[in-house]
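The values are calculated or read from the model by the stated rules, or taken from the named source; none is laboratory data. As the structure is a prediction and not an experimental result, all values here were calculated from the model. All Cβ positions, even for glycine, are placed from backbone atoms using ideal geometry, and neighbour counts span all protein chains on display. These accessible areas exclude ligands, DNA and RNA; they are computed on the full protein's heavy atoms, side chains included. Shrake-Rupley method; radii C 1.70, N 1.55, O 1.52, S 1.80 Å.
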Amino acid sequence: MTPQEMVERALELSGNDGCVVLVDEDSTANLRFAGNTLTTNGVARSARLTVISIAGEGVGVVSRAAVRPEQVADVVAEADAAARQARPAEDARPLVEGVPASPHWDAPVTPTDIEVFQGFAPALGEAFAAAEAGDRKLYGFAEHSLTSTFLGTSAGLRLRHDQPTGRLELNAKSADLKRSAWTGVATRDFSDVDVAALDSSLAQRLQWAKTRIDLPAGRYETLVPPSAVADLMIYLAWSAGARDALDGRSVFAKPGGGTRVGERLATLPVTLSSDPAAPGIECAPFVVAHASSRANSVFDNGLPLQATDWISEGTLTALTQTRYSAELSGLPVTPDIDNLLMRGPSGGRSLEEMIASTERGLLLTCLWYIREVDPQTLLVTGLTRDGVYLVEHGEVVGEVNNFRFNESPVDLLGRLTEVGASEQTLPREWNDYFTRTVMPAVRVPDFNMSTVSQAS
């Protein structure tokens, strides 16, 4: 049974007032390597059927993996029964109608396979040889996935999205394993990955780390690279739900009631946005919701998505909204979108140019183990990782110790003194869940390194 046939069969079997069916076909291919040697490679495929049944305002959701054709009826019956027993859903709304069918709805699924690395693998082998000659060792993995999502509803929607996602994490270590540096990239198909350039940047960082400088905790002027900016802004976006703001649960709640939409958050004209059609980070152009939450609604499945500014020229302009929360807030419907872009004033400088103009400050590589401390201010804590460097008079003079930091992404926006040129990047902390980002490097005059960390 094809995914399309499974959608039609499930819709036909449902006996309730409405039904939404999602079929996700996933395929992955990966390479893993350690010590300049390829260690494993493999491919995998999986499929999942989700049936969302609606009885009045009650909803039943059943999701099962590897469903055989003869099991579809059981999944639908279970969802129908759950809907009839459910209490009315507060987000209940009429199912979305009038969205044209995806033109490639009937096309067969073409899974990814190991051939996606056809051009990348030889370049990786050359990087292994260069690293060996340079007395360093490379570790990491390359992974590519393709998820084909089929969405059908009893209201007539037939929508499909094929999402390729690729990521490369590359870690270089000195021969004695005492020095470490990391880099990573996001890609749709690995054709644009320059392994030699990535390895060269890691070699430079290992060279910087030959000089060790111990610094105390404190507030430092800090250059935060795009990867680390992505991790902080993703956490901001995940925390920007309208329901939580309306209920006074988040940093975006207005004292006395309402939300902070319309309030200036950044002194510089920073824009944080999402766009399903953004080149290189394209994502689903319609809502895909397997379950309802405070930020998503199964009733919104298929709702068209469009470019949305969350922060425009420094001012908060939108929060993540379902149709239900939009009615509560009186603001436009702005659902979650699976990419994130941040840009500052035009003409932003490269990270290298920002380093060259730094009198004294820190240069980060990436952040990890980010955890929320206070939702009311969005204060988060975490650790630096794989290289914190001291910059003096425009030059990197050595590597310093790691730190634990305490910062709020929202508060940081109000303290930025420079926003660099934006580029596609890979978040280090969140790339298991979110890879499609375009971010700048930023300069923070007083980044809070709260304590020295012994992590290495």
Handout entry: Verdict on Ser346 being within 23 Å of the chain's Cα centre (by Cα), more than 26 Å from Asp300 (Cβ to Cβ) and either open to solvent by less than 60 Å² (accessible area, probe 1.4 Å) or at pLDDT below 95 (or both)
Key = no
Handout entry: Yes/no for Ala133 being under 31 Å from the mean Cα position of the chain (by Cα), modelled with pLDDT of 95 or more and small (Gly, Ala, Ser)
Key = no
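Conditions tested, residue by residue: (1) in contact with a Phe, Trp or Tyr (Cβ under 8 Å, 6 or more places away or on another chain); (2) over 21 Å from Phe286 (Cβ atoms); (3) free of Cβ contacts under 8 Å to residues at least 60 places away in the same chain; (4) of a type in the set (Val, Ile, Thr).
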{"position": "Ser53", "(1), (2), (3), (4)": "no, no, yes, no"}
{"position": "Gly58", "(1), (2), (3), (4)": "no, yes, yes, no"}
{"position": "Arg84", "(1), (2), (3), (4)": "no, yes, no, no"}
{"position": "Glu90", "(1), (2), (3), (4)": "yes, yes, no, no"}
{"position": "Arg93", "(1), (2), (3), (4)": "yes, no, no, no"}
{"position": "Val99", "(1), (2), (3), (4)": "yes, no, no, yes"}
{"position": "Trp105", "(1), (2), (3), (4)": "yes, no, no, no"}
{"position": "Asp113", "(1), (2), (3), (4)": "no, yes, no, no"}
{"position": "Val116", "(1), (2), (3), (4)": "yes, yes, no, yes"}
Handout entry: Single residue of region 301-324 satisfying the filter (out of contact with any Asp or Glu (no Cβ under 8 Å at 6 or more places or on another chain) and open to solvent by less than 20 Å² (accessible area, probe 1.4 Å)) that is nearest to Leu426 (Cα to Cα)
Key = Ile311
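Yes/no matrix, rows are residues, columns are (1) among the acidic types (Asp, Glu); (2) at pLDDT 95 or above; (3) outside any loop (DSSP other than H, G, I, E, B); (4) surrounded by 23 or more Cβ atoms within 10 Å (Cβ to Cβ):
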site: Leu268; (1), (2), (3), (4): no, yes, no, no
site: Leu272; (1), (2), (3), (4): no, yes, yes, yes
site: Pro276; (1), (2), (3), (4): no, yes, no, no
site: Glu282; (1), (2), (3), (4): yes, yes, no, no
site: Ala291; (1), (2), (3), (4): no, yes, no, no
site: Arg294; (1), (2), (3), (4): no, no, no, no
Completion exercise
Sole miss for Val116 among (1) at positive phi; (2) within 26 Å of the chain's Cα centre (by Cα) is condition (1)
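Looking at Ala10, Ala44, which is the one that is out of contact with any Asp or Glu (no Cβ under 7 Å at 6 or more places or on another chain), assigned to a strand (DSSP E or B) and not polar (S, T, N, Q)?
Every option except Ala44 fails the conditions.
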Fill in the blank from the handout: If we keep only residues of region 242-266 that are touching a Phe, Trp or Tyr at 6+ places or on another chain (Cβ under 7 Å) and either crowded, with 21+ Cβ neighbours inside 10 Å or modelled with pLDDT under 95 (or both), then the residue farthest from Ser312 (Cα to Cα) is Ala245
Practice task
Considering only region 22-46, state which residues are surrounded by 18 or more Cβ atoms within 10 Å (Cβ to Cβ) and of a type in the set (A, V, I, L, M).
Solution key: Leu22, Val23, Ala29, Leu31
Completion exercise
Asn339 vs (1) over 30 Å from Val391 (Cα atoms); (2) free of Cβ contacts under 8 Å to residues at least 60 places away in the same chain: all pass except (2)
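Looking at region 109-118, which of its residues are among the charged types (D, E, K, R) and either more than 30 Å from Arg160 (Cβ to Cβ) or in a loop (DSSP other than H, G, I, E, B) (or both)? Break it down stepwise before answering.
So in region 109-118, the residues among the charged types (D, E, K, R) come out as 113, 115.
Answer for region 109-118, where residues must be among the charged types (D, E, K, R) and either more than 30 Å from Arg160 (Cβ to Cβ) or in a loop (DSSP other than H, G, I, E, B) (or both): just Asp113.
Tell me which residues, restricted to region 205-257, are among the hydroxyl-bearing types (Ser, Thr, Tyr), outside any helix (DSSP H, G or I) and touching a helix residue (DSSP H, G or I) at 6+ places or on another chain (Cβ under 8 Å). Outline the logic, then answer.
Of the residues in region 205-257, the ones among the hydroxyl-bearing types (Ser, Thr, Tyr) are 211, 220, 222, 227, 235, 239, 250.
When the remaining residues are screened for being outside any helix (DSSP H, G or I), the result is 211, 220, 222, 239, 250.
Within region 205-257, Ser250 is the sole residue that qualifies.
Yes/no per residue for (1) touching a residue at least 12 places away in the same chain (Cβ under 8 Å); (2) open to solvent by 10 Å² or more (accessible area, probe 1.4 Å); (3) of a type in the set (Gly, Ala, Ser):
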{"residue": "Val388", "(1), (2), (3)": "yes, no, no"}
{"residue": "Glu399", "(1), (2), (3)": "yes, yes, no"}
{"residue": "Phe403", "(1), (2), (3)": "yes, no, no"}
{"residue": "Arg428", "(1), (2), (3)": "yes, yes, no"}
{"residue": "Ala441", "(1), (2), (3)": "yes, no, yes"}
{"residue": "Asn448", "(1), (2), (3)": "yes, yes, no"}
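Condition test on Thr187, is it β-branched (Val, Ile, Thr), closer than 24 Å to Val51 by Cβ and at pLDDT 95 or above?
On the way: β-branched (Val, Ile, Thr): yes; closer than 24 Å to Val51 by Cβ: no; at pLDDT 95 or above: yes.
Judged against the criteria, Thr187 is not a match.
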Practice task
Among residues belonging to region 433-446 that are of a type outside the set (S, T, N, Q) and part of a loop (DSSP other than H, G, I, E, B), point out the one that is farthest from Val229 (Cα to Cα).
Solution key: Tyr433
Practice task
Kindly indicate whether any position in region 376-386 is of a type outside the set (Lys, Arg) and at pLDDT below 95.
Solution key: no
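From Asp106, Asp74, which residue is in a loop (DSSP other than H, G, I, E, B), open to solvent by 60 Å² or more (accessible area, probe 1.4 Å) and of a type in the set (Asp, Glu)? Write out each step before concluding.
On the way: Asp74 fails: in a loop (DSSP other than H, G, I, E, B).
So the residue among Asp106, Asp74 that is in a loop (DSSP other than H, G, I, E, B), open to solvent by 60 Å² or more (accessible area, probe 1.4 Å) and of a type in the set (Asp, Glu) is Asp106.
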Exercise for the section: Please verify whether region 354-373 includes one or more residues that are over 23 Å from the mean Cα position of the chain (by Cα), farther than 16 Å from Tyr220 by Cα and either surrounded by 21 or more Cβ atoms within 10 Å (Cβ to Cβ) or not hydroxyl-bearing (Ser, Thr, Tyr) (or both). Expected result: yes
